[in-house]
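Colleague: My questions will all concern the structure given below.
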Amino acid sequence: VLSALSLGVSSNVAAVDVGQWYFSPNLSYIVADDDRLADDELGLQLGVGQVVDQQWNIELSAVIDTLDMNSGAGEYKQIGLLLDGLYFLDRDDSYAPYLVAGVAALQTKVPGTKGTNLMLNLGAGLQHRINDNISMRADIRYRLDDDDKSIATEDRFGDWVVNIGLVIP
């Protein structure tokens, strides 16, 4: 009876290919901090990741976005390199909720100045396996950008970022 129960339980857990590398292109929607005085805009996140174990993935991503300033005086041009850890709460056969935390170097160019800053992000998402070769995922993250150069009176910005993308082994 215990063997039958353990087989039933294990059949509900998706097999995880530990060590599997994958590519993850994402479209981002950035909800800019009000203090930026910038419009909400689209961006891109292109990542390479690896399945570490049943709970963890690690990813290295390039991020790029451009936020138009409300004043019409220019743009925030942002490009960065992001290292994330994804913690999967449950990897069932088709849906896998996860938490994500990461750190980045984010370069921001605005008219008259350029700086590279520490950026942290924290969020939650859901990954849906479409088939053995592709998954879809979406997450929402709070991005804390330690940008103290773009606007003289501001030391950091807190943006919300919504990502929708694919996971391709």
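The values are calculated or read from the model by the stated rules, or taken from the named source; none is laboratory data. These numbers were taken from a predicted model, which means no experiment stands behind them. Every residue, glycine among them, receives a Cβ derived from its backbone with ideal geometry; neighbour counts consider all protein chains shown. Just so you know, the surface numbers come from the protein's heavy atoms only, side chains and all, with ligands and any DNA or RNA stripped out. Shrake-Rupley method; radii C 1.70, N 1.55, O 1.52, S 1.80 Å.
Colleague: Counting just the Cα atoms, what span does the chain cover along each of its three principal axes? Round to the nearest Å and put the largest first.
Modeller: Here the spans come out as 70, 24, 24 Å, largest first.
Colleague: I would also like to ask the following. Place a +1 charge on the Cβ of each Lys and Arg in the chain and a -1 charge on the Cβ of each Asp and Glu, then give the dipole magnitude about the Cα centre in debye, rounded to the nearest 20. Intermediate results must be reported in sequence, preceding the final value.
Modeller: Details: 11 positive and 25 negative charges, 83 e Å.
For this selection, approximately 400 debye.
Colleague: Between residue 126 and residue 46, what's the calculated FRET efficiency when r is the beta-carbon distance and R0 is 25 Å? Round to 0.05. Numbers along the way, then the final one.
Modeller: On the way: r = 20 Å, r/R0 = 0.81.
Once rounded, the FRET efficiency stands at 0.80.
Colleague: Just the number, please: Stokes-Einstein D of the stretch 35-102 in µm²/s, Kirkwood Rh from C-alpha pairs, 37 °C, 0.692 mPa s. Write out the running numbers ahead of the final one.
Modeller: Numbers: Rh = 14.1 Å.
Rounded to a whole number, D works out at 233 µm²/s.
Colleague: Calculate for the chain the 222 nm mean residue ellipticity that helices alone would give, adding -39,500 (n - 2.57) per DSSP H run of length 4 or more and normalising by residue count, nearest 500 deg cm²/dmol. Could the numbers behind the result be given before it?
Modeller: Details: 1 runs with 9 residues, N = 169.
Result for the chain, helices only: -1500 deg cm²/dmol.
Colleague: Just add up the charged neighbours of residue 113: K/R +1, D/E -1, any other residue whose Cβ is under 13 Å from the Cβ of residue 113. Working shown, then result.
Modeller: Details: positive: 77, 109, 114, 149; negative: 75, 147, 148, 154.
That sum, taken over residues with Cβ under 13 Å, equals 0.
Colleague: If r is the Cβ-Cβ distance from residue 55 to residue 116 and R0 is 41 Å, what FRET efficiency results, to the nearest 0.05? Spell out each step's value before the answer.
Modeller: Working: r = 32 Å, r/R0 = 0.78.
The calculated FRET efficiency here is 0.80.
Colleague: Further, regarding this structure: Any idea of the accessible area per residue across the stretch 43-95, 1.4 Å probe, to the nearest Å²?
Modeller: Working: 2570 Å² over 53 residues.
Roughly 49 Å² per residue, with all protein chains present.
Colleague: Just need the relative contact order of the chain here, percent rounded to a whole number, with Cα pairs under 8 Å and 6+ apart. Write out the running numbers ahead of the final one.
Modeller: On the way: 463 pairs, mean separation 34.1, N = 169.
Here the relative contact order equals 20 percent.
Colleague: Once label points are set 7 Å from the Cα along Cα→Cβ at both residue 94 and residue 73, what is their separation, rounded to one decimal in nm?
Modeller: 5.2
Colleague: Further question: When only Cα pairs under 8 Å and 6 or more residues apart are kept, what is the percent relative contact order across the stretch 15-77?
Modeller: RCO, the stretch 15-77: 31 percent.
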